[in-house]
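Each remark here refers to the structure printed beneath this line.
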Amino acid sequence: MADNKSMSTSVLSLQSLSPGADIESYVQTVSAFPILAPEEEKALADRFYRHNDLEAARRLVLCHLRFVVHLARTYQGYGLPHADLIQEGNVGLMKAVKRFNPEVGVRLVSFAVHWIRAEMHEYILRNWRIVKVATTKAQRKLFFNLRSAKKRLSWLNPAEAKAVAEDLGVPTEEVIRMESRLAASDVAFDGVDADDGACAPAHYLPANTADPAAVVEAEDWHDISRAKLMKAIACLDDRSREIIAARWLGEDAKTTLMDLAQRYGVSAERIRQLEKNALKKLRASVVGEGAKPSGRQARRAVAA
């Protein structure tokens, strides 16, 4: 008896516990904590409830960690780390100890089970899928009970869906909707499924050119710009107009500065200056005096 008491005191002197990577070692450690007798549990609960004795609360938590491990095992089928489930359950256990009233006349484990499950449920719903699949009370109930309520692996027929809805007290439409959510899987927004070649959601977005308003606006802008351009070209002198036409408006390769210099009997630098001045006038007429686009943008407008 003295040895057991010494072992219990040694175990309860641990400052921290965490499942971590070595889950088996954690399970062995929490299994070594003594199970509290009803009288001892009530005495510890009274000390914490009435006198805020943190050591009493600590012992209540440590002696019920094995129960959290037991509950966490029932949720391993959701594919989430066992250690994380245990840690979330431990948070629920601590919340239960904080709110436990020993005068109600129930054991702590009966009171704490609801808090422990609530924390585990919230963790599962947050992490099971990228998008949370259950938000309302009815959806949460279906998420954790629909699979066990189904009698076969195939999809529910209307009669079975109605029976499940009546059994769980939820609308039949919610049963059908939750069944489809549970059967679905996460899909990358801009990826491609290598198995069946299904396109990602991003591939189903409407094209930017599909908006009729944008198409009409682009056509109007092109027509207006072209009219301004023709009017501006008509205002140039004959030599500048011919230089612009030879350099930018021809269907073949544009004429070089040297070829134009030989044609007009001036230097290539003079042709470049005339071209620059002509482009500046065109830019002012087409774009407006207030705006100052780059020379490249002006050339593109002329080439269009």
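Values in this text are rule-based calculations from the coordinates and carry no lab data. Just so we're clear, the structure is a prediction, and the values are computed from it rather than from any experiment. Cβ sites come from the backbone with ideal geometry, for glycine too, and all protein chains shown count toward neighbours.
State the extension gain, in nm to one decimal, for the chain segment bounded by ALA253 and ARG270, taking 0.36 nm per residue of separation less the distance between their alpha-carbons.
Fully extending the segment from ALA253 to ARG270 adds 4.0 nm.
Of the cross-linked pairs LYS42/LYS141; LYS98/LYS141; LYS42/LYS95, which ones have a Cα-Cα span greater than 22 Å in the structure shown? Checking Cα-Cα distances, LYS42/LYS141; LYS98/LYS141 exceed 22 Å. Computed over neighbours whose Cβ is under 15 Å from that of ASN145, the net charge equals +4, Lys and Arg +1, Asp and Glu -1. Positive contributions from Lys and Arg (+1) and negative ones from Asp and Glu (-1), summed over other residues with Cβ under 15 Å from the Cβ of LYS162, come out at -3. When each of the peptides 112-121, 59-68 is scored by the mean number of other C-beta atoms lying within 10 Å of its residues, the order from highest to lowest reads 59-68, 112-121. For LYS231, the aspartates and glutamates whose Cα comes closer than 18 Å to its Cα, not counting residues fewer than 8 places off in the same chain, are ASP220, ASP223, GLU242, GLU275, GLU289. Would you list, by chain and number, the aspartates and glutamates whose Cα falls below 14 Å from the Cα of LYS151, excluding same-chain residues fewer than 8 positions away? Result set, ordered by chain and number: GLU160, ASP167, GLU179.
If each residue's Cβ is checked for other Cβ atoms within 10 Å, how do VAL266, VAL104 rank with the fewest at the top?
On the way: VAL266 14, VAL104 9.
Listed from fewest to most nearby Cβ atoms, that is VAL104, VAL266.
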